[in-house]
Amino acid sequence: MDIFLQQIINGLTTGSVYAIVALGYTMVYGVIQLINFAHGEVVMIGAMVAFTVITALVGAGLPLPPIVLVLAGVLAAIPVCMAIGYLLERAAYRPLRHAPRLAPLITAIGMSIILQHLALLVWGRDPLAFPQIIDNPSFALGGAAISAVQIAIILLSVTMMAGLTWFVYRTRFGIAIRATAEDVRVAALMGIDANRVIAATFTIGAAMGAVAGVMYGTYYGIAHYTMGFTLGLKAFSAAVLGGIGNLAGAMLGGILLGLVEALGAGYIGDLTDLCQWPLFGDLLAERCAADGHVVLFGSNYQDVFAFLVLIAVLVFRPSGLLGERVAERA
Amino acid sequence: MKHKSPAQWFGLALVALALLALPLVLTQVGTAWVRIANLAILFVFLSLGLNIVVGMAGLLDLGYIAFYAVGAYTWALLASPHFNLHLPFWVILPLGALCAGLAGAVLGAPTLRLRGDYLAIVTLGFGEIVRILMNNLSAPFNVTNGPKGITRIDGFSVGNINFSASDSLFGIAFTGPAKYYYVLLFLLLFVIVVNLRLQKSRIGRAWVAIREDETAAKAAGIDTRNVKLLAFAMGASFGGVAGGMFAAMQGFISPESFALHESIMVLSMVVLGGMGNVWGVIAGALLLSFVPEFLRYTVEPAQKALFGRLLVEPEVLRMLIFGIALVLTMRFRPAGLWPESRHKREMNEGRA
């Protein structure tokens, strides 16, 4: 099997989920320059709601095809997440819009903790398992395999990205969003209801987050109340990598981060195998002879890559790959 | 220093007496409460350290517990059978503070030029990295013993006095936790004095200047880069000392004790009490340490009596309280319950 190609496929899959979540961060940031910390939790709740609905439908024993079941889950999750996104903005961020920067950041963290623990109350500590309804056929692709779920995730993500781009660049409301992102006051003077635009970015981001949550959960087969934290952190890193506030940047950053992570996890074990390095190979000759490998960092360090990418971007190119504005302290 | 009237001195003496007698009273209620008091003091420690970074310098640090972890692991590795090292406390505590301080500076360095919200995310990620390292550094070379943690850590001892064992003095029995209480109280006194002096010092004023307006601070001749790094390093070193004491007191540590939740707890204490105000932060830390414990002893039986089973676990309730405290404080009293006078003005500015 071609490991390189396989990791590229895996990376594209997770990368497109990161991209969709990253869009939620970047849209809100573009409009009000706030990191919506609770976005990861919204994604998590989307996955939990969808899993609950799907499990319930499966339990009811209706003779529905799997695709309808998943679709029902997604359709249930989207309005719930949109409502949460809207409430977040109204309750936690709007009252603090003119407060010093630290204040909304702190409420955002508070909201994320509250959402996470409410989810814990509702769904409990054990992860929800995705019911065995899809027989997930794999297709051979040049020495690697791509599964039906992977194809579905990538196609759906690309469709959503295209849809959002069309919405933001081709519709009246999209123009209003871009104008608000450019300058809230001037946009308001042009007759744009800034509050409506800001609330809309939250709800659109949340709706896409809901879909992303279902895709992520379906891909890994489980949903858990803590999944939003890591996913959110990675998606945010992706948004920064692409240039926060920039839609194309979030998409590019998400895909790139997915690839870096997959390739990193695939190769780091071989690269940090001390036995193949001349110096350590001699020092550890006994252990190498006994075990064959002395791996310094294995694939259990996968979650670290997103963070290292984030640091590297912040040090070398704080505005991200496609960002125009340099993120200096305001 | 202002002169205090005799009445004020009398009041101070009463407070001191009450603090000294506290463990004896608490022991009557149950040794568990002495432990809770000790943990509360550790949280005051941590809050004061974080207050330097968040409250004074205005740099939001969401991975503060990582420095606590660095201090705790420094103690655990240098004073336990794990590496068969048993160094005395006066070597380990300063070393732990130094390691944590260095970690703070290393963390602060790449984010210095950036806006506060980037810093928040980077520190968040850093906290996770430290936890992942603690969990995984058991192979190929066993450094941290992984998720199992490190056990049989040496207690705090001075000469022949071991603070983990019971003792009696003048016919009064002192349990291990009660003895730790006095050590922690002594350290706390020292930390409070350092913090009060820092607040009024040249560096403290430089931190506040950076928090208020970094560009203006730079124009006024403050070396913002070094001063910010110093805030990180000093805040972190307090966390390191607290971590060392935690390891000594518990005798066992594992990565579980240093999760993100703990960082959020400390942040809530600082925010609720009043960022930048030493006394406010202390009050916030004590409040948020004791209230969940009281709830643990009241809400749990109440739920069992009312519903016949436990609906909301105390741990969940505790985190919900922290989250709600963060949101409500920012919404209604953004400068905290006991604000620093200057910060109060700043946080209320522009809020029509």
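Rule-based calculations on the coordinates, nothing more; no lab input. This one's a predicted model, so the numbers in the text were calculated from it and none came from an experiment. Note that each Cβ is placed from the backbone with ideal geometry, even for glycine, and that neighbours are counted across all protein chains shown.
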Exercise. What value, in deg cm²/dmol to 500, does the helix sum -39500 (n - 2.57) over DSSP H runs of n ≥ 4 give at 222 nm once divided by the residues of chain A?
Worked result: -23500 deg cm²/dmol
Problem set entry | B:Ile253 long-range amide H proximity, modeled H, under 5 Å | B:Ile150
Exercise. Of B:Lys4/B:Lys218; A:Lys234/B:Lys148; B:Lys4/B:Lys200, which ones are farther than 29 Å apart at the Cα?
Worked result: B:Lys4/B:Lys218
For this session: Round to the nearest 10 and give me the degree value, 0 to 90, for the angle of helix A:194-220's Cα axis relative to the longest principal axis of chain A.
Result: 30
For this session: Provide B:Trp9, B:Trp279, B:Trp33 in ascending order of the number of other Cβ atoms located within 10 Å of each residue's Cβ, fewest first.
Result: B:Trp9, B:Trp279, B:Trp33
Exercise. Ranked highest first by average number of other Cβ atoms within 10 Å, how do A:31-38, A:90-97, A:215-222 line up?
Worked result: A:31-38, A:215-222, A:90-97
Exercise. Hey, what do the phi angles of segment B:192-207 turn into as Karplus ³J(HN,Hα) couplings, whole Hz, using 6.51/-1.76/1.60 and θ = phi - 60°, x for Gly and Pro?
Worked result: 5, 4, 4, 5, 5, 5, 4, 4, 8, 6, 4, 5, x, 5, 5, 4
Seminar exercise, completed: The farthest towards the positive end of the charge dipole of chain B, of the residues B:Pro147, B:Gly221, B:Val122, given +1 on Cβ of Lys and Arg and -1 on Cβ of Asp and Glu, is B:Gly221
Problem set entry | Table column - 3J(HN,Hα) (Hz), segment B:289-299, Karplus curve with 6.51, -1.76, 1.60, x for Gly and Pro | 7, 8, 4, x, 5, 4, 4, 4, 8, 10, 5
Exercise. In debye, nearest 20: dipole of segment B:1-153 around its Cα centre with unit charges on the Cβ of K, R (+) and D, E (-)?
Worked result: 180
Seminar exercise, completed: The summed charge of the A:Arg90 Cβ neighbourhood (under 13 Å; Lys/Arg +1, Asp/Glu -1) stands at +3
For this session: Answer with one residue from B:Ser289, B:Ala231, B:Gly243: the one whose Cα lies farthest towards the positive end of the charge dipole of segment B:160-297, charges on Cβ with Lys, Arg +1 and Asp, Glu -1.
Result: B:Ala231
Problem set entry | Relative contact order %, chain B, counting alpha carbon pairs below 8 Å whose residues are six or more apart | 28
Problem set entry | In sequence order, calculated HN-Hα J values of segment A:90-99 (Karplus, 6.51, -1.76, 1.60; Hz; x Gly/Pro) | 5, 7, 9, 10, 4, x, 10, 5, 9, 6
Problem set entry | Neighbouring partner chain Cβ atoms per residue of B:120-131, average, 10 Å criterion | 5
For this session: On a 0 to 90° scale, report how tilted helix A:39-60 is relative to the longest principal axis of chain A, with both axes built from alpha carbons and the result rounded to the nearest 10.
Result: 80
Exercise. How many angstrom lie between the C-alpha centres of segment A:228-249 and segment A:180-216?
Worked result: 16
Exercise. Out of residues 5 or more away from A:Ala144 or on other chains, whose amide H comes under 5 Å of its own, with H placed 1.01 Å from N in the peptide plane?
Worked result: A:Asp2
Exercise. Rounded to the nearest 500, what is chain B's calculated 222 nm mean residue ellipticity when only DSSP H runs of at least 4 contribute -39500 (n - 2.57) each, over all residues?
Worked result: -23000 deg cm²/dmol
Seminar exercise, completed: With the dipole of chain A defined by +1 on each Lys or Arg Cβ and -1 on each Asp or Glu Cβ, the option from A:Pro131, A:Leu257, A:Leu314 whose Cα lies farthest towards the positive pole is A:Leu314
Problem set entry | Only Lys, Arg (+1) and Asp, Glu (-1) charged, at Cβ; chain A dipole about Cα centre in debye | 1400
Exercise. Where nothing but the Cβ of Lys and Arg (+1) and of Asp and Glu (-1) is charged, how large is the charge dipole of segment A:184-330 around its Cα centre, in debye to the nearest 20?
Worked result: 780
